[in-house]
Amino acid sequence: MEKIFDGKKTGKIGTEKNPAIVNVQTEERVKELESVFEENGWKYTIELEPDKPEDITDLEILLNPLKQGLPKRKWDRISLAPVGGVKSIKNAVVNKVLDFFDILSKGYTIWQTINLKSLQS
């Protein structure tokens, strides 16, 4: 059985520790890719093998790095709302209740208040 991880970290692609390895078929393509690597300051190894298919996956990885997504929000177990969002939810509820009582204080009945709120939404 082949050991997958030997305890040694491989460096980032394009560094001295882990240069990008590219296989090409023509000398013109070698010069073209050398200019791309030199322009970006990446370490590389280009192998000229006319009988094998071109393989530039390392270069594509360097040119199009993975974009890190936004961190996932943690959830508060008690309120089942995102941490940091509980306060804003509470404030929204308090504001709705205050609006409700403000309309009631102007002489409207509860049913008129509900109808007013549904018309505003």
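Residues whose amide H lies under 5 Å from that of TYR44, counting only those 5 or more places away or on a different chain, are ALA20; hydrogens are built 1.01 Å from N in the peptide plane.
Under a straight-distance cross-link criterion of Cα-Cα below 19 Å, which aspartates and glutamates are reachable from LYS67, leaving out those fewer than 8 residues away in the same chain? Once the sequence-local aspartates and glutamates are set aside, what remains near LYS67 is ASP58. Taking the fewest neighbouring Cβ atoms within 10 Å as the starting point, the ordered list for LEU66, LEU48, LEU33, LEU59 is LEU66, LEU48, LEU33, LEU59.
In this structure, GLU39 and GLN68 have a Cβ-Cβ separation that, at R0 = 30 Å, corresponds to a calculated FRET efficiency of about 0.75.
Inter-label distance, VAL30 to ASN95: 6.7 nm, where each label sits 7 Å from its Cα along the C-beta direction. For region 20-63, the pair-distance distribution built from all alpha carbon pairs, in bins 5 Å wide starting at 0, is 6, 24, 37, 23, 8, 1 percent. Extension gain for ILE21 to LEU48 (0.36 nm times residue separation, less C-alpha to C-alpha distance): 8.6 nm.
None of the figures in this text is laboratory data; all of them are computed from the coordinates on show. This is a predicted model, so every value here is computed, not measured. Cβ sites come from the backbone with ideal geometry, for glycine too, and all protein chains shown count toward neighbours.
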